[in-house]
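This report concerns only the one structure given below.
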Amino acid sequence: MKKQLIIISDMEGASGIFESNRKAMVHGSDEWKNHGREYLTSDILAVCEAANELGIDDILIYDGHFAGNPEHNIILEKLPSNVRFFDTPDRCFYWRRIRGQASWNPYGLITVGQHARYGEEDAYFPHTIQSPPIEKLTLNGIHIAEIGMAVLNFTGVKYIANIGCNASMKEALELSNTVKCIAVKDKSKNWQPNIEETYKIIKDGVLNALSNIDDIKPVNVKPPYVFSMKIFEGFTFQVPNEISCKGNFDENTAYWEAPDVEIGLEIFNYVRELIVKIDTER
């Protein structure tokens, strides 16, 4: 049976991107074109090289930073020949479509370039999907952001490693106590290594994790799948007369239930569209 590795990437937690050069993660900017893509590509390549050395057959990547724009954050021509990308319109995070394109039993999942949730201390560019307006998102009481969305969308799959800002490890460890945490920067210690340093750190960390795959547990979440989204003050939900999902709203929180995680995450997109800013000038 072929071994398929799933990689879910973001950019705020990538090597080489700090407060001093934050435009390197601004999709479409000159800094992003000339530097940011190189940084994220280096991180991805380190993962791919380690995976290929240990016999991974198929690498399937979802490039999630600045979803909604078709232009990739990764330099595609630098990747190994066994790398493919999930096919979603304009790279949008359509989680059912993403899950449906992967093997039913992939070898495992690695998150790369990851940042912390909104409100985490000593974090580079922390946010939860988009903060504001989103303050907090939960699934069955688990506090999740981009990392949790990706990992729980692949519930039942081994969460091999999280690579990114040291502050992002908190969310990863809350999802799995066996995930390998590979930090590439740490704001609390002012540790800002270059991509040559982090390439080796990432490759060695992934080699170690894959070599000890039997010690890594699958991440599981069981039904009922109950979600909540809390929004900031100054925002509200423009609730229609009828809603097409099982849920309810109060002043600043939405709740919904879904038959599976993927559908629940797609309902998130629907609920998110209902957020409006309160007009304080009236």
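On a per residue basis, the chain carries 46 Å² of accessible surface, using protein heavy atoms and a 1.4 Å probe.
Of the solvent-accessible surface of the chain, computed with a 1.4 Å probe and all protein chains present, 47% belongs to carbon and sulfur. Across q = 0.10, 0.17, 0.19 Å⁻¹, segment 1-127 modelled as identical point scatterers on its alpha-carbon atoms has Debye log10 I(q)/I(0) values of -0.31, -0.90, -1.09, in the order of the q list. Look at the alpha carbon pairs under 8 Å that are at least 6 residues apart: their mean separation over the length of the chain gives a relative contact order of 20 percent.
Among the listed pairs Lys33/Lys136; Lys23/Lys230; Lys33/Lys78; Lys136/Lys200; Lys136/Lys246; Lys78/Lys170, those with a Cα-Cα distance over 24 Å are Lys33/Lys136; Lys23/Lys230; Lys136/Lys200; Lys78/Lys170.
Taking a point 7 Å out from the Cα of Lys246 in the direction of its Cβ, the residues of segment 209-235 whose backbone N falls within less than 12 Å of it are 223-227. Angle of helix 195-211 to the longest C-alpha principal axis of the chain, folded into 0 to 90 degrees and rounded to 10: 90°. For the chain, the Cβ-based charge dipole about the Cα centre amounts to some 440 debye (Lys, Arg positive; Asp, Glu negative; other atoms uncharged). Compute the acute angle (0 to 90°) between the alpha-carbon long axis of helix 37-53 and the principal axis of greatest extent of the alpha-carbon atoms of the chain; round to the nearest 10°. Result, in degrees: 60. The spread of Cα positions in the chain, taken along each principal axis and listed from longest to shortest, comes to 57, 44, 33 Å.
Bridgeable aspartates and glutamates around Lys3 (alpha carbons under 15 Å apart, same-chain partners fewer than 8 residues away excluded): Glu49, Glu53, Asp57, Asp58, Asp214. Pairwise Cα distances in segment 113-245 exceed 18 Å for 60 percent of all pairs. Give the aspartates and glutamates whose C-alpha is closer than 18 Å to that of Lys277, dropping any in the same chain fewer than 8 places away, or say none. Excluding near neighbours in sequence, the set is Glu135, Glu233, Asp250, Glu251. Working from Cα pairs under 8 Å separated by at least six residues, relative contact order for segment 129-282 is 26 percent.
Each Lys or Arg adds one and each Asp or Glu takes one away; over the other residues whose Cβ falls under 11 Å from the Cβ of Ala67, this sums to -3.
Estimated purely from DSSP H runs of n ≥ 4, each contributing -39500 (n - 2.57), the mean residue ellipticity at 222 nm for the chain is -7500 deg cm²/dmol once divided by its residues.
The values are calculated or read from the model by the stated rules, or taken from the named source; none is laboratory data. This is a predicted model, so every value here is computed, not measured. When we count neighbours, we look across all protein chains shown, and the Cβ atoms used for this are built from the backbone with ideal geometry, even at glycine. The accessibility values were calculated without ligands, DNA or RNA, using every heavy atom of the protein model including side chains. Shrake-Rupley method; radii C 1.70, N 1.55, O 1.52, S 1.80 Å.
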